[in-house]
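Bear in mind that the values in this text are calculations on the coordinates, not laboratory data. All values derive from a computational prediction rather than experimental measurement. Here the Cβ positions follow ideal geometry from the backbone for every residue, glycine too, while neighbour counts run over all protein chains shown.
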Amino acid sequence: MESLYNRLGAEEGITTLVNDVVDLHFANPKIATRFEIAEDVEHSKRMLVEFFCAGSGGPQEYTGRDMLTTHKGMNISEEEYMSAIDDVFSAMDKNNIGEEEKKDVLSILYSLKGDIIRV
Ligand code: HEM
C-alpha cells in the first residue's frame, strides 16, 4: 500500500491540511487563545508540515522540538486535545481525505497524547 504521506497528497497536500487546521484552531473558541499568544505561528506551521511529512513516511526531516518539550508547561486539557483533533477531522473532510487515511491520522494523534495532555 502507498505510504500515508502519499495518500495525504505528499508535501503539498499536507501543507494544505496544516494551513486549514491552523485556521480552524484560530476560529475555535475552545483553543483559539492558545494560538493567539503563540510566539511564531508561521514557524509552528512549518514545523507541523515537517512533523506530519516525516511521521507519515515522507522524506523530510523533522527539525522542530519534540512534543513533550513543545507543550510542556501549557497544561493542555483532554477537552482541548479533543477539540484540536476535531479541527484536524474537519480539515480532512474539507479536503476529501479518505476514511482509511483519517483512521491512520487519528491513531498517530492518539499515540501522542501522553506527551501533550497536562504536561
Ligand atoms: C494533536 C497533537 C498535536 C501535535 C502533533 C502538535 C504538534 C506541534 C508542533 C510540531 C509544534 C511546533 C514545534 C516547534 O516549534 O518546534 C506545536 C506547537 C504548538 N502547539 Fe501543538 N501539537 C498538538 C496538540 C496541541 C494542542 C491540543 C494544543 C493546544 C490546544 C497545542 C498548542 C500548541 C501551541 C500553542 C504551539 C506553539 C508554541 C509556540 O511556539 O509558542 N498543540 N505543536
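Using alpha-carbon pairs under 8 Å, 6+ residues apart, how would you state the relative contact order of the range 50-119 in percent?
45
Under Stokes-Einstein, with the Kirkwood radius over Cα pairs standing in for Rh, what whole-number D in µm²/s applies to the range 4-115 at 25 °C and 0.890 mPa s?
Working: Rh = 14.4 Å.
After rounding, the answer is 171 µm²/s.
Can you compute 3J(HN,Hα) from phi for each residue in the range 31-41, using the Karplus curve 6.51 cos²θ - 1.76 cosθ + 1.60 with θ = phi - 60°, rounded to whole Hz and x for Gly and Pro?
9, 3, 4, 4, 8, 5, 9, 5, 6, 8, 5
Can you compute the charge dipole magnitude of the chain about its Cα centre, using +1 on each Lys and Arg Cβ and -1 on each Asp and Glu Cβ, nothing else charged? Give it in debye, rounded to the nearest 20.
Result for the chain is approximately 300 debye, rounded to the nearest 20.
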